[in-house]
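Trainee: Just dropping this structure here.
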Amino acid sequence: MNLILLGPPGAGKGTQAKEIQVRHGLVQLSTGDMLRAAVKAGTEIGLKAKSIMEKGELVPDEVVIKIISDRIDEPDCQQGFILDGFPRTLPQAAALDQMLARKKKRLDAVIELKVDYNRLVERIVGRYTCATCGEGYHDRFKRPKVRQVCDVCGGTEFTRRADDNAETVTTRLMAYYRDTAPLTGYYYCKGTLRTVDGMAPIGDVAKEIEQHLAEARRDG
Ligand code: AP5
Ligand code: MG
Ligand code: ZN
């Protein structure tokens, strides 16, 4: 199965992609994570992307299209993948259609996570991740069971993203509503859009997604 998780910053794309990855053996492809890795490694792409991401703007289409096109050719993606944070503009969506057709792959479902914008800010500014394994947490909504100890790997160091501050969030939301929101119409017209209530608790959102995936399997 090949899926897209669509939704504004903080909607829960990464959180749900990780759950689907475990349940269905699909690979999570987060362009945000890949770009952050490139920034950390100081690659050419990373150097280009760093200041754009810190401002909360979008990295140029051709850069992310190339990243995804190369990545989905790798062997681990042949069982299926979850696109998290890509496509984010209409040109990226059109490029994805073309690359999937060329590679003889299909898109099974586009899951839109719908969340009110005031809730998004709250989610983003409270978010942090385990520095060792990358597990995501939240100051209020998802705390480790033992304070300051990662549930998954036992790590005790945590990090916060450079763009997770109240100022940058506004720019990120503007970019979403300007460039990415039209994609819901695009996929609605193609008949692949499935909308989920992203305001519900994490486990309930996961259940609703499961129902949609079961339906998509039946329909496909
Ligand atoms: P990216 O990394 O994709 O960031 P984003 O879209 O801003 O989304 P987030 O990762 O902030 O949110 P999420 O939906 O994954 O939420 P999460 O699950 O963490 O992109 C970063 C930057 O890279 C962009 O600004 C851009 O510059 C660049 N970029 C990336 N892709 C690009 C592209 N295709 N084109 C151009 N530029 C690109 O959840 C958030 C928090 O809420 C967590 O703490 C979580 O625990 C909590 N939470 C999740 N679900 C729930 C729930 N149901 N209830 C309560 N809390 C919840
Ligand atoms: Mg994310
Ligand atoms: Zn960890």
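The values are calculated or read from the model by the stated rules, or taken from the named source; none is laboratory data. Only a predicted model underlies this, so the values are computations on that prediction, with no experimental measurement involved. Here the Cβ is made from the backbone with ideal geometry for all residues, glycine too, and neighbour counts use every protein chain on show. The accessibility values were calculated without ligands, DNA or RNA, using every heavy atom of the protein model including side chains. Shrake-Rupley method; radii C 1.70, N 1.55, O 1.52, S 1.80 Å.
Trainee: Rounded to the nearest 500, what is the chain's calculated 222 nm mean residue ellipticity when only DSSP H runs of at least 4 contribute -39500 (n - 2.57) each, over all residues?
Mentor: Numbers: 9 runs with 105 residues, N = 220.
Result for the chain: -14500 deg cm²/dmol, rounded to the nearest 500.
Trainee: Restricting attention to the chain, give the cysteines that have no other cysteine Cβ less than 4.7 angstrom from their Cβ.
Mentor: Unpaired cysteines in the chain: Cys77, Cys189.
Trainee: Also, quick follow-up: Just going by the charge dipole of the stretch 148-220, with Lys and Arg at +1 and Asp and Glu at -1 on Cβ, which of Tyr177, Gly191, Asn165 is farthest out on the positive end?
Mentor: Positive-most Cα among the choices belongs to Gly191.
Trainee: A further question on this structure: Can you divide the C-alpha Rg of the stretch 62-220 by 2.2 N^0.38 Å and report the result to two decimal places?
Mentor: 1.16
Trainee: While we're here: Label Cys189 and Arg140 with points 7 Å out from Cα along Cα→Cβ: what is the distance between them in nm?
Mentor: With each label placed 7 Å out from Cα toward Cβ, I get 3.8 nm.
Trainee: Near Lys104, which aspartates and glutamates are there with a Cα under 20 Å away, not counting those fewer than 8 places off in the same chain?
Mentor: Once the sequence-local aspartates and glutamates are set aside, what remains near Lys104 is Asp70, Asp73, Glu74, Asp76, Asp219.
Trainee: If each of Met99 and Val125 carries a label point 7 Å out from its Cα toward its Cβ, how far apart are those two points in nm?
Mentor: Inter-label distance under the simple model: 3.5 nm.
Trainee: A 31 angstrom limit on the alpha carbon distance is what I want to check against. Which of Lys55/Lys105; Lys40/Lys145; Lys50/Lys190; Lys55/Lys114; Lys13/Lys103; Lys40/Lys190 exceed it? Working shown, then result.
Mentor: Numbers: Lys55/Lys105 34 Å; Lys40/Lys145 29 Å; Lys50/Lys190 34 Å; Lys55/Lys114 24 Å; Lys13/Lys103 25 Å; Lys40/Lys190 37 Å.
With Cα atoms farther than 31 Å apart: Lys55/Lys105; Lys50/Lys190; Lys40/Lys190.
Trainee: Return the distance in nm (one decimal) between the two label points of a simple spin-label model at Ala181 and Asp76, each offset 7 Å from Cα along Cα→Cβ.
Mentor: The two pseudo-label positions are separated by 3.5 nm.
Trainee: Continuing with the same structure: Any idea of the accessible area per residue across the stretch 66-176, 1.4 Å probe, to the nearest Å²? Walk me through the numbers before you get to the answer.
Mentor: On the way: 6080 Å² over 111 residues.
That works out to 55 Å² for each residue.
Trainee: Test of the criteria: in the stretch 119-184, which GluC sites (Glu not before Pro) are in a DSSP loop and have at most 13 other Cβ atoms within 10 angstrom of their Cβ?
Mentor: Glu157
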